[in-house]
Amino acid sequence: KYRPFLEMVIAARGPLPLKLAQASLQWDPYDCQINAEGEACGKVIDPLSSMFPTKGGCVQPFHQSIADWLSDPEKAGNYCVKKVEGQRRLTDICWDDYKAGSEKMSTYTIDHLPTHLLELERWENMLELLSDPTLGLISRWIDEGEGERGIVCFSALIKYLGGNNQASLTLAALATQIA
């Protein structure tokens, strides 16, 4: 019952917006409600709230050791969650969030979708995302001091495209962006 949610929380690269979890897991709105202070309540969240508190409409582990324990099969045993399943689910819902339009996109999606796509080697999606001029990812990465993340994403995509003999014009454009 809770496993898919916990997998997403563990895979998240920061506080996970509950709206993304709700959309991905297709929760009934009454199962998880977010009050004006951004705290969640409902039959899905209440039993987990002491170890996975909500704030500002987002959820995260109370402490990193909880995430580490849950994702370690030897330590967690039957309670172990598969981080890769959470990554897949989270990447899918972030991709849907992106496709809905940049004006509606969550901050979490803007900040972390490129990394999620990279980790799951979703190269065609990565190419589409990095080629989207409406997002302004390059200037965003540079302005926010996250140029290294941009270089990692572009370099991995170039390596993939080059290894698969993809269009040289695309490769040249991506290499220019890195420069």
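The values are calculated or read from the model by the stated rules, or taken from the named source; none is laboratory data. None of these values were measured; they are calculated from a predicted model. Heads up, the Cβs are rebuilt from the backbone with ideal geometry, glycines too, and the neighbour counts pull from every protein chain shown. In case anyone asks, the SASA skips ligands and DNA or RNA and just uses the protein heavy atoms, side chains included. Shrake-Rupley method; radii C 1.70, N 1.55, O 1.52, S 1.80 Å.
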Residue within the stretch 57-70 that is open to solvent by less than 20 Å² (accessible area, probe 1.4 Å), farther than 17 Å from residue 109 by Cα, assigned to a helix (DSSP H, G or I) and at pLDDT 85 or above present: yes
Unmet requirement for residue 101, which otherwise passes all of (1) out of contact with any helix residue (DSSP H, G or I) (no Cβ under 8 Å at 6 or more places or on another chain); (2) assigned to a helix (DSSP H, G or I): (2)
Any hit, the stretch 73-84, residues being touching a residue at least 24 places away in the same chain (Cβ under 8 Å), assigned to a helix (DSSP H, G or I) and open to solvent by 90 Å² or more (accessible area, probe 1.4 Å): yes
Evaluation of residue 90 against (1) free of Cβ contacts under 8 Å to residues at least 24 places away in the same chain; (2) within 12 Å of the chain's Cα centre (by Cα) (one fails), failing number: (1)
Test: residue in the stretch 27-35 that is among the acidic types (Asp, Glu), open to solvent by 60 Å² or more (accessible area, probe 1.4 Å) and either modelled with pLDDT of 85 or more or touching a strand residue (DSSP E or B) at 6+ places or on another chain (Cβ under 8 Å) (or both): no
Selection within the stretch 12-27 - of a type in the set (A, V, I, L, M) and part of a loop (DSSP other than H, G, I, E, B): 12
Residues located in the stretch 104-160, provided they are assigned to a helix (DSSP H, G or I), open to solvent by 30 Å² or more (accessible area, probe 1.4 Å) and of a type in the set (S, T, N, Q): 107, 125, 131, 139, 155
Qualifying residues in the stretch 85-103 (those that are of a type outside the set (Ser, Thr, Tyr) and more than 16 Å from residue 25 (Cα to Cα)) - the one most open to solvent (accessible area, probe 1.4 Å): 103
